[in-house]
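Heads up: the structure comes next, in C-alpha cells.
The values are calculated or read from the model by the stated rules, or taken from the named source; none is laboratory data. Since this is a predicted model, take the numbers as computed values, not measurements. So basically every Cβ, Gly included, is an ideal-geometry build from the backbone, and we count neighbours across all protein chains shown. The area values use the complete protein model at the heavy-atom level, side chains included, leaving out ligands, DNA and RNA. Shrake-Rupley method; radii C 1.70, N 1.55, O 1.52, S 1.80 Å.
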Amino acid sequence: MIQGIGAAAGVAIGKAFVLPNWEWSLPDTQVNPVDLAKEFERLYEGIRTSKDEIEFIKKEFRDVVGPEESSIFDAHLAILDDPVFMSEIRGIIERQYKAAEVAVKEAIDHFVAMFDLLDDEYMKERAVDIKDVGNRLLKHLLGAPEVTLPSDTQPYILVAKELSPSQLAHLNPAYVLGIVTMMGGKTSHSSIMARALGIPLVAGLENKLPVPIQTGDMLVLDGDTGAIMIHPDEVTLKEFNTRRAMQLKKREQLELLATVEAVTKDGVTLRLACNISSVKELNVALKYGAEGVGLFRTEFLYMDRSSFPTEDEQFEVYKLVAEQVGKDSVVIRTLDIGGDKHLDYFQLPEEQNPFLGYRAIRISLDRKDMFKTQITAILRASHYGRVKLMFPMISSIEELLAAKAVLNEVKNELDARGVPYDPDIQVGIMIEVPAAVMIADLLAEEVDFFSIGTNDLVQYVLAVDRMNEQIAHMYHPYHPGVLRMIRMTVEAAQRAGIDVSVCGEMASDERSLPLWLELGISVLSMSPQALLKVKHRTLNTLAAEAREIAKVCLRSRTSSETEEQLNAFVKRSVTLGAGGNAKGRTS
Ligand code: PEP
Ligand code: MG
C-alpha cells in the first residue's frame, strides 16, 4: 500500500493510463532581426487561438460543474493578458531575437521556477496555471497535436505527474474511474474539480512510488484515505471490490429516496431544502431531491477573485439558480463576510473579536454601494423564479429597517429603469443573535419569514467561538439555553403567522428531528450531502413518538441528557427499507 493524499473521495479499481509528460524541449531557435514583426504576429495569433480555446473549454466546463469551478479558466485568460508575463516574452523576442515558442518556453520556466521556490501553496498553484496556459500557447505556436486520452476503450485510472485544470476539463468522467497524480494536494484546483465531478483522486505521490506506474498496470485507489496499490493481490482486490460495491449500494439505496416525499410514518410532511454556495452544489442537491434552496450563501461568489462581482455577474448566477430550482423557492442571503470569511480585495480591519465585529449586515449597511449592487441583482433575478431575500445577523429593529430602506431604494431605481422584478418578493432574516430571539415578536412584524442559523446562535448564546478548537467541546447545540432560544423564536413566528425554518448545521443532524416535529418546524435547510440521510430518518420516524421524546428533551437540564435521549431514539427506531412507507412526491 502506498500512501498519498486523499483529495477526492471514493474507491476506484482499474487499469492505469499514464499521461505522457506535457513538457516541451525545444532547440534554441533564433530569428533574423528583420523578421521580428513576423515573430510577434505569430505570438499574437497563438494568444488569440489559445484564448478562444480557453473560452470554449470554460463554457463547456461551466455547463457540467457550474460557474465556480469554470472560473479557474478566467485565471488562465488573465495570464494571457498579464503585462508582466507578456513583457517577459516580448523582451526575449525583441532583445535576444529568439523564436516566439522559445521565448514562451523560457518565460514559463522563469515564472514557474520563481513561484515554485516560494513556500506557499497558492503561489505553487499559480505556477501550475502558468505552465498550463504556457503549454497551450506553445502547442499552437508549434502546431503540435493534443495528447488524446483513450475514450473508446475500457474506463481507466488516469495517472499524471500533475494534472492541469485544462486537462481535467477535457476528461470524460464516464471513462475516468479515478485519478492519481504525483504532485498536488487537497486544495489544488484539479482536486477541487475532481471532487465536483465525483472522480476519486489521490495526489502527492512524488518520490513515494517504488517503481513508476505504467499504462496497463492494475491499480486500486482510495480517495478517502489517500492509499493506492499497484498490482494488488487477490485479497486486496476483493476487499476493494467489496468496499466499492458497498459504497455504491449505500448511495444507490439512499438515492432511491430522492423523489420520495419526506413524510413520517404517521403522515407529518417536512420540506427538506438545501444550503448552497455555488451552482455546482445546487446540481448535487437537486439530484438528491432538494425542495428548493433554504440558504444561498452568496459570499462564495465574492471569493477567489480580485474584485467585487458586478451586478450582471451576480444576476446571472442568481437567475440560473432560480430557474434551475423552478417551482420551489430560493432564499438568497445577502453577503455574510467578516468573522472567518474574508475577501482578498476587501481589507477588513484587524479585530480582537471578529465574530462580534465588522461582519455581515453591519458591513452591508456600511458599504451601501456594494449592498445596493447585490440587492439589485437579487431583485432582477426574482423575475425568473421564486426568489426570497434574507438578511444575515440582524440584531435590532433599526438594522432591519435600514436594510429594508435600501431594498425600497433599489426597488424604486428598478422601477425607474423599467427593469422587471417580483414586487412582492418575500423578505426574511436569519435569527442567529440572541438579541434577535428576545425581540423576535417585534422583528416578526417586519418580515415574512425567519430562518434560524444555529451555527452562530449556538456560539453567541453559549459564548463559545465556533472556530476555537480549544473550547470546541463546549459548543453544544443541545444546550437547554439554545433549545429555549429556538423555541422562543418559533413561538414568536407562529404567533405572528410568519414562516420559520432552520438552516444551521443542526438541521443536517438527523438526531434533531424529534425537536423539529415537537416545535412545529416543517422546513429544514441543510447541506446537500445530508438531505437523503435526514429524509431516510424522517421516513422511519413516528412523529407522535418523537414528540414525546422531544418533550423530555425540552425539559432537560443538560445537553448530555438531551443527546442521550435523541441517540437512544435513533437506535430504537425501526429501519424500513429504502422508500419506507412514503408516497412519491407529487408537488
Ligand atoms: C448559521 O449561522 O447557522 C448559518 C447558517 O450561517 P453561516 O454558517 O453561514 O454563518
Ligand atoms: Mg451565520
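Which FRET efficiency value, to the nearest 0.05, is calculated for Asp266 and Glu491 with the Förster distance at 25 angstrom and r the Cβ-Cβ distance?
Values: r = 24 Å, r/R0 = 0.95.
Between Asp266 and Glu491 the formula returns 0.60.
With +1 on the Cβ of every Lys and Arg and -1 on the Cβ of every Asp and Glu, and nothing else charged, how large is the dipole of the chain about its Cα centre, in debye rounded to the nearest 20? Provide the component values of the computation, followed by the final result.
Working: 64 positive and 85 negative charges, 399 e Å.
Computed about the Cα centre, the dipole is about 1920 debye.
Answer rounded, prolate or oblate for region 329-456, using the Cα gyration tensor with square roots of eigenvalues a ≥ b ≥ c: rounded when a/c is under 1.5, else prolate when a/b is larger than b/c, else oblate. Write out the running numbers ahead of the final one.
Working: a/c = 1.92, a/b = 1.30, b/c = 1.48.
Oblate, since a/c reaches 1.5 and b/c is not below a/b.
Positive end of the dipole of the chain, charges at C-beta (+1 Lys, Arg; -1 Asp, Glu), about the Cα centre: which of Ser278, Thr49, Val482 has its Cα farthest in that direction?
Val482
Among Tyr384, Leu532, Leu171, which residue has its Cα positioned farthest towards the positive end of the charge dipole of the chain, with +1 placed on the Cβ of Lys and Arg, -1 on the Cβ of Asp and Glu, and the dipole taken about the Cα centre?
Towards the positive end, the residue furthest out is Leu532.
Using a ≥ b ≥ c from the Cα gyration tensor of region 224-334 (square roots of the eigenvalues), is it rounded, prolate or oblate, where a/c under 1.5 gives rounded and otherwise the larger of a/b and b/c decides, a/b for prolate?
Numbers: a/c = 3.65, a/b = 1.43, b/c = 2.54.
The shape class here is oblate.
Which of the lysines could a cross-linker span from Lys208 if the Cα-Cα distance has to be under 16 Å and same-chain partners fewer than 8 positions apart are dropped?
Answer for Lys208, where 16 Å is the Cα cut-off: Lys161, listed by chain and number.
With no solvent and one point per C-alpha, what does the Debye sum give as log10 I(q)/I(0) for region 253-398 at q = 0.09, 0.14, 0.17 Å⁻¹?
Taken in order of the listed q values, log10 I(q)/I(0) reads -0.33, -0.72, -0.97.
In region 466-564, which GluC sites (Glu not before Pro) fall in coil by DSSP and have 13 or fewer other Cβ atoms within 10 Å?
none
Please report, to two decimal places, log10 I(q)/I(0) for the chain at q = 0.06, 0.08, 0.10, 0.11 Å⁻¹ as given by the Debye formula with identical point scatterers on the Cα atoms and no solvent.
Normalising to I(0) and taking log10 leaves -0.38, -0.67, -1.00, -1.16.
For the chain, report the accessible area per residue in Å² (1.4 Å probe, heavy atoms, rounded to an integer). Provide the component values of the computation, followed by the final result.
Numbers: 26370 Å² over 587 residues.
With all protein chains present, the chain gives 45 Å² per residue.
Counting only C-alpha contacts under 8 Å and six or more residues apart, can you give the relative contact order of the chain as a whole percent? Before the final figure, lay out the partial values.
Working: 1047 pairs, mean separation 83.6, N = 587.
The value is 14 percent.
With a 1.4 Å probe and all protein chains left in place, how much of the accessible area of the chain comes from carbon and sulfur atoms, in whole percent?
On the way: 13750 of 26370 Å².
Looking at the chain in its full context, I get 52 percent from C and S.
So if I restrict to the alpha-carbon atoms in region 428-587, what is the Rg, and what is Dmax, the biggest pairwise distance, in Å?
For region 428-587, the Cα radius of gyration and maximum Cα-Cα distance read 15.8, 47 Å.
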